[in-house]
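*Asks:* Have a look at this one.
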Amino acid sequence: MSQQRIISVMGLGYVGLTTAVAFAKIGKVIAYDVSPTRISELKNNHDSNHEVSDEDLLSTASNIFFTNSPTDLKKANLHIVTVPTPLDKNKHPDFSMLINASEAIGKQLKKGDIVVYESTVYPGATEEILIPILEKNSNLTYGKEFTAGFSPERINPSDKEHIFKNIIKIVSGTDNETLQIIAETYKAVVNAGVHYASSIRVAEACKIVENIQRDVNIALMNDIAILLHTLNIDTTDVMEGMKTKWNHLSFQPGLVGGHCIGVNSYYLMHKAQQVGYHSEMIAAGRHINEKIPKFIVDEAIKCLINQNVLIKGSRIAILGITYKENCPDTRDTRAIEIINALKSYGVDLFVNDPIADESQVKKDYGIDLVKWDDLNHLDAIIVAVSHLYYLTLKKDEFLKKLKRPGLMMDIKGIFKMDDFIDTGIQLWRL
Ligand SMILES: NC(=O)c1ccc[n+]([C@@H]2O[C@H](COP(=O)([O-])OP(=O)(O)OC[C@H]3O[C@@H](n4cnc5c(N)ncnc54)[C@H](O)[C@@H]3O)[C@@H](O)[C@H]2O)c1
């Protein structure tokens, strides 16, 4: 097998586009996506996810060939698959996009090709589900006529420090020769270098376990936050004290949304079930994190009743509807659960988000976003997502939007207790 590889990337979302552009800085890349709209915007040097800048797209345009024709994949001999791995409505792994992508690439596979999966899956998925699809669609024998690898992506959208080239890439492959080719390929674009996993299954497990470790640790802090509320102790104050210990772990309570952390726990639980194991810890973590939106709504209603505010028709603003700060992605956002629960009480809701795509929010959730300047006469504000935009506003900008008495529900801990003394506003922090 030659070391000189022509790269194709399948699925040009947050992960795929970042990867394709990184490789296009050093050579030719075939960049394939099933969505004609996505291909069209990328051909116009624009990424609506705001993950890759228009300048980077423009400067790599001569090396990157955007296409939605799978036959173009034949021009490459190392194929990187970065399609989504969501859950279905029963919270079971949805492999449909990975299966479709594997069928498409299988049909174009040639002797000596390598297929590298980056999409997050449970250990065993690549070899048990995807490679048989490649074999069937290519009529080639795995391990002899083509090989594969798994190299999880760890980018953190909107994080400007931990970016593609600064994050160590875990690599794995069918055999040593394939592993070396995959490692050298990524080393050319990842300054931080690579970590050699001992097998494809180990590489799959590394990614899923690192995300589950976060899910469970955040769940512990959410559990503690609920308890501390019952004890009338402020969680943020407790965390300030804890931070002074040398081995403190900086997990904060909060909403766990997005299509990675919460989703990955279900993937591993699914695999565990197949082998007859029930992970009580992972399940408990998910259970706790999923009840946080309801806890926040219950607390908001309790606070408003104590202020003699009539709940039906009360005016409440939700700040932030994306799944995390400074990222336009609204898929799997937990803020929507807060919104829906409040709606069921007959509250007048106003949702503001300076980053989210207005038309996408309308399409996915039927919500018309409200501009910041149009928020007024509010009984409560719930800061669900701490976008930089909110952090740069002065406290008075929030205060003047609230009636007296008023309620500020600060889920992200952006305010200090002192900020609201003698203002007629109650500050509630998770
Ligand atoms: N977004 C993240 O922060 C992140 C970080 C690390 C790992 N991951 C993992 O990477 C994978 C991709 O995530 P993402 O956030 O980049 O997804 P995404 O939803 O942003 O983008 C996926 C792209 O794949 C395309 N697509 C869907 N089916 C396809 C097919 N059959 N063939 C070709 N293209 C297809 C879609 O049109 C879309 O443009 C997932 O497994 C995810 O868990 C995501």
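The values are calculated or read from the model by the stated rules, or taken from the named source; none is laboratory data. From a predicted model like this one, the values you see are computed outputs, not experimental measurements. Cβ placement follows ideal geometry from the backbone for every residue including glycine, while neighbour counts extend to all protein chains displayed.
*Asks:* Being in contact with a strand residue (DSSP E or B) (Cβ under 6 Å, 6 or more places away or on another chain) and within 14 Å of the ligand (Cβ to nearest atom) is the filter here; which residues of region 135-164 pass it?
*Replies:* Selection gives F150, S151, P152.
*Asks:* Now for a separate question. Please enumerate the residues belonging to region 72-109 that are small (G, A, S) and within 11 Å of the ligand (Cβ to nearest atom).
*Replies:* Residues satisfying the conditions are S96, A101, S102, A104.
*Asks:* Next question. Does L57 qualify as being crowded, with 21+ Cβ neighbours inside 10 Å, in a helix (DSSP H, G or I) and within 12 Å of the ligand (Cβ to nearest atom)?
*Replies:* In short, no.
*Asks:* Select from region 92-146 the residues that are touching a residue at least 60 places away in the same chain (Cβ under 8 Å), outside any loop (DSSP other than H, G, I, E, B) and either over 18 Å from E177 (Cβ atoms) or not hydrophobic (A, V, I, L, M, F, W, C) (or both) and list them in ascending order.
*Replies:* P93, M97, N100, A101, A104, I105, A125, T126, E127
*Asks:* Restricting attention to region 114-134, and to residues there that are more than 14 Å from the ligand (Cβ to nearest atom) and charged (D, E, K, R), which single residue is surrounded by the fewest Cβ atoms within 10 Å (Cβ to Cβ)?
*Replies:* E128
*Asks:* Within the group K160, K169, K187, K110, which residue is loosely packed, with under 14 Cβ neighbours inside 10 Å and modelled with pLDDT of 95 or more?
*Replies:* K110
*Asks:* Which of the residues belonging to region 237-258 are part of a helix (DSSP H, G or I) and crowded, with 18+ Cβ neighbours inside 10 Å?
*Replies:* Result: M239, single match.
*Asks:* List, please: which pairs have Cβ atoms under 7 Å, are six or more places apart or on different chains, and start with a residue in region 23-44 that is in contact (Cβ under 8 Å) with a residue 24 or more places away in the chain and end with one that is more than 10 Å from the ligand (Cβ to nearest atom) and of a type in the set (D, E, K, R)?
*Replies:* Listed by first residue and then by second, the contacts come to I30/D72; I30/K75; Y32/D72.
*Asks:* Would you mind stating whether L388 is assigned by TED's automatic domain parsing to the domain that holds P328 and surrounded by 15 or more Cβ atoms within 10 Å (Cβ to Cβ)?
*Replies:* no
*Asks:* Now, a different point. Could you look through region 25-36, keep only residues that are more than 21 Å from the chain's Cα centre (by Cα) and within 12 Å of F66 (Cβ to Cβ), and pick out the one that is nearest to the ligand (Cβ to nearest atom)?
*Replies:* Applying the filter and picking the extreme gives Y32.
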